[in-house]
Amino acid sequence: MKKTKLTTKILIALILGIIVGFMLDGHPNIATTFIRPFGTLFLNLIKMIIVPLVFSSLIVGTSSVGDVKSLGRIGGKTIAYYLFTTAFAVTIGLILGALIVPGAGLDIPVNVDQAVQESPTLIETLLDIVPSNPLKGLVDGNMLQIIVFAIFLGIGATSIPENLGKPFINFFNSLAEVMYKVTAFVMKFAPIGVFGLIAPVVAENGPSVLLPLIKVIIAVYLGCILHAILVYSSLLKVLANFSPLKFFKGVASPAVTAFSTSSSSGTLPVTMKTAKENLGVSDKIASFVLPLGATINMDGTALYQGVCALFIAQVYGIELTLAQMATIILTATLGSIGTAGVPGAGMIMLTIVLQSVGLPLDGIALIAGIDRILDMMRTSINVVGDLSAAVVVAKTENELVEVSEKTSA
Ligand code: ASP
């Protein structure tokens, strides 16, 4: 009998989780007590991999790029791609927010207690990227700090005589390989994990929570799908001559893992495995572009912030000017750099976007109830966006190999 592909199993688990979640609507305790532990176990397993994987693969990725000049070129392309697609995503969010008008006729009492705490300022966030104590950054799992430190180490290791730099790089190379192998073991558990994560979310957020804000959900989901179809497909086709169909088929596993975990950092091991095995991205590019993307590239989050800003303006009857919309695009794009790839981070950063144009922060309380549902979709797009960048950058660097669909995982 033909062995069912892991991706198919994960997709089936997702659908079953949604069905069981709806069946348990009104009894969220059953889902939380008996089903969620499997999800939490899966989440812990992949979280266990992240810090050593990001640290080691970025050191190897940076050092294999070789000279600082090529590193600057690849880094420049990657960051330009990330910023461009993110700015596009916020714009789509704003347009859909204006067309769907999710805030029209809404009269939901605002519970200020539910509003999230204020986030650090943009400057604070950007300055914090350089760790004053890198070991603390590693222990805390602060991804941006880990990235900066690893890039410095990678550059350092290639700038000293080879007999000294090589053993250092070899050690991290073998650590990275071990972490990929561990990822493959952990992914065998993914179908059960995905089921365990999704069923309780659906059981807790049944129709009663979703219906009043259904237009916000539709705007975010539709926006994300449009962004993927319009922006990624065209960039893949034009810049990398890569079939969008092949791409979307190839990225199903990380997309579903991101959907169920709501964490792009948590999905990173799966994202890296997919880029190499299904899309043919070289080790060198995957190790550099993807950890960076999981941390700084958040198209889905930015799109969501565009929709939410407009939604909150509509609820409070505030008319936004074009200049304010431009400010939202700029703030959401730059803010995405400082948004951690963990559940709920985008909602905290939404405060920065709202503040930048003087919208009431209390409005976040309206979103809080459905944020998890929005988080699932935006995280999925965050991760798919990273993968599209990996393909495009790899292609332009001659680092993309043809993968036959039969061999892909
Ligand atoms: N959960 C998202 C991510 O990990 C970030 C967010 O909350 O928007 O990519």
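The values are calculated or read from the model by the stated rules, or taken from the named source; none is laboratory data. Because the structure is a prediction, the values reported are computed rather than measured. Methodologically, a virtual Cβ is constructed for each residue, glycine included, from the backbone with ideal geometry; neighbour enumeration extends over all protein chains shown. Quick note on the areas: whole protein, heavy atoms, side chains included, nothing else; ligands and nucleic acids left out. Shrake-Rupley method; radii C 1.70, N 1.55, O 1.52, S 1.80 Å.
Out of Gly300, Gly293, Gly317, one residue alone is farther than 21 Å from Val54 by Cα and outside any loop (DSSP other than H, G, I, E, B). It is Gly300.
Take the residues of region 357-373 that are under 13 Å from Gln324 (Cα atoms) and out of contact with any Ser or Thr (no Cβ under 6 Å at 6 or more places or on another chain): which is surrounded by the fewest Cβ atoms within 10 Å (Cβ to Cβ)?
Taking region 357-373 and keeping what is under 13 Å from Gln324 (Cα atoms), we get 357-359.
Filter again for out of contact with any Ser or Thr (no Cβ under 6 Å at 6 or more places or on another chain), leaving 358-359.
Details: Gly358: 9, Leu359: 25.
It comes out as Gly358.
Screening region 59-79 for residues that are open to solvent by 60 Å² or more (accessible area, probe 1.4 Å) and not in a loop (DSSP other than H, G, I, E, B) and picking the one that is nearest to Cys308 (Cα to Cα) gives Ile79.
On the basis of being assigned to a helix (DSSP H, G or I), within 11 Å of the ligand (Cβ to nearest atom), open to solvent by less than 10 Å² (accessible area, probe 1.4 Å) and aliphatic (A, V, I, L, M), does Leu354 make the cut? Spelling it out, it is not the case that Leu354 is assigned to a helix (DSSP H, G or I), within 11 Å of the ligand (Cβ to nearest atom), open to solvent by less than 10 Å² (accessible area, probe 1.4 Å) and aliphatic (A, V, I, L, M).
Of the candidates Ile285, Ile192, Ile225, the single residue that is touching a residue at least 24 places away in the same chain (Cβ under 8 Å), among the β-branched types (Val, Ile, Thr) and open to solvent by 10 Å² or more (accessible area, probe 1.4 Å) is Ile192.
Filtering region 33-50 to residues that are surrounded by 15 or more Cβ atoms within 10 Å (Cβ to Cβ) and farther than 27 Å from Asp140 by Cα leaves only Ile35.
For region 195-217, a residue qualifies if it is in contact with a Pro (Cβ under 8 Å, 6 or more places away or on another chain) and either open to solvent by 10 Å² or more (accessible area, probe 1.4 Å) or among the hydrophobic types (A, V, I, L, M, F, W, C) (or both), and the qualifying residues are Ala203, Glu204, Leu213, Lys215, Val216. Does Leu268 meet the test of being touching a Pro at 6+ places or on another chain (Cβ under 7 Å) and either under 24 Å from Ala87 (Cα atoms) or at pLDDT 95 or above (or both)? Considered against the rule, which asks whether it is touching a Pro at 6+ places or on another chain (Cβ under 7 Å) and either under 24 Å from Ala87 (Cα atoms) or at pLDDT 95 or above (or both), Leu268 comes out as yes.
Run Ala340 past the list (1) more than 12 Å from the ligand (Cβ to nearest atom); (2) under 13 Å from the mean Cα position of the chain (by Cα); (3) of a type in the set (Gly, Ala, Ser); (4) in a loop (DSSP other than H, G, I, E, B) and report the number of the one that doesn't hold. It is condition (1) that Ala340 fails.
Of the candidates Ile328, Ile381, Ile348, the single residue that is within 16 Å of the ligand (Cβ to nearest atom), in a helix (DSSP H, G or I) and either free of Cβ contacts under 8 Å to residues at least 24 places away in the same chain or surrounded by fewer than 24 Cβ atoms within 10 Å (Cβ to Cβ) (or both) is Ile348.
Here is a yes/no grid of residues against (1) crowded, with 24+ Cβ neighbours inside 10 Å; (2) more than 9 Å from the ligand (Cβ to nearest atom); (3) under 13 Å from Ile381 (Cβ atoms); (4) among the β-branched types (Val, Ile, Thr):
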residue: Pro269; (1), (2), (3), (4): yes, yes, no, no
residue: Val281; (1), (2), (3), (4): yes, yes, no, yes
residue: Pro291; (1), (2), (3), (4): yes, yes, no, no
residue: Gly300; (1), (2), (3), (4): yes, no, yes, no
residue: Leu303; (1), (2), (3), (4): yes, yes, yes, no
residue: Leu310; (1), (2), (3), (4): yes, yes, no, no
residue: Gln314; (1), (2), (3), (4): no, yes, no, no
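Listed conditions (1) open to solvent by 10 Å² or more (accessible area, probe 1.4 Å); (2) at pLDDT below 90; (3) closer than 29 Å to Ser64 by Cβ are all met by Gly341, apart from (1). For Asp375, indicate whether it is near the ligand (Cβ under 8 Å from one of its atoms) and either assigned to a helix (DSSP H, G or I) or not small (Gly, Ala, Ser) (or both). Yes, satisfied.
Are any of the residues in region 154-171 among the β-branched types (Val, Ile, Thr) and within 30 Å of Ile312 (Cα to Cα)? For region 154-171, residues among the β-branched types (Val, Ile, Thr) and within 30 Å of Ile312 (Cα to Cα): absent.
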